[in-house]
Amino acid sequence: MDLLAAYGWNSYFAQHLGEDNCIPARVISEQRDRYWVISISGELPVELCGRLRFEASAPRELPAVGDWLAVRLSPDSRMGMAIRVLPRKTVIARGVAGRTTQEQILAANVDTAFVVTTVDRDFNPRRMERYLSMIWSGGAQPVILLNKIDLCPDYSRLMAQTGLAFPGVGIHTLSALHDRGLNSLHAYLKPARTLVMLGSSGVGKSTLLNRLVGRDLQRLRDVRAADQRGRHTTSSRQMFRLTSGALLIDTPGLRELLLWDAALGLSRTFADIEVLSARCRFRDCRHRDEPECAVLEALQGGVLHRSHYDNYIKLLKEQAYQRRREDPTMNSKTKKRWKSITKDLRLVQKLKRGEE
Ligand code: GDP
Ligand code: ZN
């Protein structure tokens with residue numbers, strides 16, 4: 001396999017490269033607006049061309065780790081200028097709250113997303129629903145890793161419950177610290193496959209990364225940090241090539257995980273509710289107080305868990321709210337109107353179906 005193919009280059013990206021003297025390069029690290037890429041000339045720092053830097057109308061248009069770029073090399077081939085971001089196959093995107101909520105691309109062109117949590121305190125089904133909605137919306141395949149089984153030997157019930165709650169999602173138990181259960185991950189760690197590791201801080205992501213890379217990464221990080229004005233790189237995102245040939249993107253612990261454009265993922269994560277709603281009397285049923293609502297009936301009959309249902313309603317609202325906040329040009333009249341209609345889940349349902 002040639003170098004680019006080893007980093008995931010394929011015909012999908014090749015068709016978008018164009019013929020403007022650019023070479024393809026994949027972003028392997030990102031810190032503020034500094035990027036490192038891998039290309040046929042090896043690892044290089046790249047800067048963004050003026051058009052990318054100044055004309056990007058949204059953060060989504062800027063490169064993220066995992067992106068393929070069309071890069072123009074400097075005459076000595078030691079630096080590059082990023083001219084374009086090639087179309088992405090998948091994204092891992094969240095909303096970040098500020099004065100306005102903005103989308104942030106955590107990683108691009110990811111095949112599989114490991115959501116790392118632990119069998120003890122960290123495990124939270126509601127947060128997992130949030131992660132899965134985010135991952136599915138961006139087109140990647142989620143896999144749940146329940147770490148620290150050494151701390152809680154009686155994890156089989158949790159494993160069974162998780163399996164029931166998230167059908168169709170791979171679930172693996174492991175102890176990264178004691179090197180147990182890692183063999184079950186080999187199926188995902190194929191050459192040139194791109195993975196990302198997500199999860200709160202303290203769940204064992206660095207420990208797992210060190211195991212999978214097969215050497216202590218601390219030194220590697222220090223070397224990279226020295227390149228970049230001595231700043232430590234733990235807050236940046238980086239891609240690592242594992243001994244198996246898979247590419248693993250490490251993200252720092254995510255404290256905030258607002259949904260962004262996640263309607264698709266919501267309907268998949270809450271497929272049980274979507275299936276039920278087909279039997280509601282009204283096609284635009286909000287499942288709140290309508291007569292002959294199949295969702296409410298399931299809730300009353302104990303078939304549907306209250307907290308699962310509550311989270312569904314909450315995430316739907318949040319998702320619709322984020323969409324409005326992203327537009328700073330909205331005038332106050334529209335804002336007022338929006339305020340009254342967000343209360344109405346009927347609209348949320350419409351948004352979900354794309355009938356805006
Ligand atoms: P990160 O913040 O997600 O990168 O988590 P770290 O890898 O830094 O791990 C946080 C703490 O949990 C460290 O003290 C690790 O040694 C510990 N840890 C990681 N994996 C395991 C495990 O499987 N079992 C136990 N008991 N501790 C673990
Ligand atoms: Zn209903």
Sorted by chain and number, the residues with a modelled amide H under 5 Å from that of Gln238, at a separation of 5 or more or across chains, are Asp250
Which of the trypsin sites (Lys or Arg not before Pro) found in the range 38-125 are loop residues per DSSP with 11 or fewer other Cβ atoms within 10 Å of their Cβ? Arg78, Arg99
Taking a ≥ b ≥ c as the square roots of the eigenvalues of the Cα gyration tensor, with a/c under 1.5 meaning rounded and otherwise prolate when a/b exceeds b/c and oblate if not, the range 91-250 is oblate
Would you kindly work out the equivalent ellipsoid of the range 3-85 from its C-alpha gyration tensor and give its semi-axes, the square roots of five times the eigenvalues, largest first in whole Å? 18, 14, 13
With a cap of 15 neighbouring Cβ atoms within 10 Å, and only residues DSSP puts in a loop, list the trypsin sites (Lys or Arg not before Pro) found in the range 240-287. Arg255, Arg279, Arg281, Arg283
Starting from the 7 Å offset along Cα-to-Cβ, what nm value, one decimal, do you get for the label separation of Glu19 and Arg306? 6.7
The range 278-309 and the range 37-91 have their Cα centres apart by a whole-number Å value of 48
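All of the numbers you see were taken from the coordinates with simple rules; none came from a lab. These figures come from a predicted structure and were not determined experimentally. Every residue, glycine as well, gets a Cβ built from its backbone with ideal geometry; the counts of neighbours run over all protein chains shown.
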